[in-house]
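The values are calculated or read from the model by the stated rules, or taken from the named source; none is laboratory data. Computed from a predicted model, the values in this text were never measured in an experiment. Here Cβ is always computed from backbone atoms with ideal geometry, including for glycine, and neighbour counts include all displayed protein chains.
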């Protein structure tokens, strides 16, 4: 009788451990990210601050550059294969197409990686002003949806 109880107890422990491992893997791929400030940045093109954003793989970095233009705050999100600009104003926060003069990634490559429907969906993420810290969190949360399915490996 004691042996059956030990087997049952072990089975219950393994079931709970398995569920926790699955839940941890899901949360890692759907929301865990790390944003780190970059020190010693050059002030080219009016860039005031720079951060790196990483998800599961710390080697797959996305760079976020911050610029102010009057009351408008630009967050340029860039990797080697795509770039977009999120804009924060007093009327809200959302995505905009990056200006040609600011492009570093060829538009053909960037447009292949980025999901055009999500570009339209993210034009208005908030109708209220957001803090810079909150904007960074929104970018990290919404960016994975912005990539076409075949290109998610670029950030994960």
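Return a yes/no flag: does the range 76-93 have any residue that is over 24 Å from residue 36 (Cα atoms) and touching a helix residue (DSSP H, G or I) at 6+ places or on another chain (Cβ under 9 Å).
no
Free of Cβ contacts under 8 Å to residues at least 60 places away in the same chain and not in a loop (DSSP other than H, G, I, E, B), is that true of residue 117?
Considered against the rule, which asks whether it is free of Cβ contacts under 8 Å to residues at least 60 places away in the same chain and not in a loop (DSSP other than H, G, I, E, B), residue 117 comes out as yes.
Need pairs with beta-carbon distance below 8 Å; first residue under 11 Å from residue 88 (Cα atoms) and within the range 127-142, second modelled with pLDDT of 95 or more and assigned to a helix (DSSP H, G or I); sequence gap 6+ or separate chains.
Once the first residue is under 11 Å from residue 88 (Cα atoms) and sits in the range 127-142, its partners that are modelled with pLDDT of 95 or more and assigned to a helix (DSSP H, G or I) give 130/138.
Assess whether residue 139 counts as being in contact with a strand residue (DSSP E or B) (Cβ under 9 Å, 6 or more places away or on another chain), modelled with pLDDT of 95 or more and within 17 Å of residue 55 (Cα to Cα).
Working: in contact with a strand residue (DSSP E or B) (Cβ under 9 Å, 6 or more places away or on another chain): yes; modelled with pLDDT of 95 or more: yes; within 17 Å of residue 55 (Cα to Cα): yes.
Yes; evaluated as a whole, the condition is true for this residue.
Here's a check for you: in the range 81-102, which residue that is at pLDDT 95 or above and over 16 Å from residue 139 (Cβ atoms) is surrounded by the fewest Cβ atoms within 10 Å (Cβ to Cβ)?
Only one residue tops the list, namely 90.
Among the residues that make up the range 16-31, is at least one of them at pLDDT 95 or above, touching a helix residue (DSSP H, G or I) at 6+ places or on another chain (Cβ under 8 Å) and either within 23 Å of residue 128 (Cβ to Cβ) or outside the structural domain of residue 126 (by TED's automatic domain parsing) (or both)?
No, every residue in the range 16-31 fails to be at pLDDT 95 or above, touching a helix residue (DSSP H, G or I) at 6+ places or on another chain (Cβ under 8 Å) and either within 23 Å of residue 128 (Cβ to Cβ) or outside the structural domain of residue 126 (by TED's automatic domain parsing) (or both).
Return the residues of the range 108-126 that are over 25 Å from residue 90 (Cα atoms) and touching a strand residue (DSSP E or B) at 6+ places or on another chain (Cβ under 9 Å); say none if nothing qualifies.
110, 113, 114, 115, listed by residue number.
Restricting the range 56-68 to residues that are surrounded by 12 or more Cβ atoms within 10 Å (Cβ to Cβ) and more than 17 Å from residue 83 (Cα to Cα), which is modelled with the highest pLDDT?
68
Quick one: how many residues across the range 129-149 are part of a helix (DSSP H, G or I) and closer than 14 Å to residue 73 by Cβ? Walk me through how you get there before you give the answer.
Our first condition is that a residue be part of a helix (DSSP H, G or I); within the range 129-149, this holds for 132-146, 149.
Applying the additional criterion that residues be closer than 14 Å to residue 73 by Cβ yields 132-136, 138-139.
The qualifying residues number 7.
Somewhere in the range 90-106, is a residue touching a strand residue (DSSP E or B) at 6+ places or on another chain (Cβ under 7 Å), part of a helix (DSSP H, G or I) and under 23 Å from residue 153 (Cα atoms)?
No - not one qualifying residue is present in the range 90-106.
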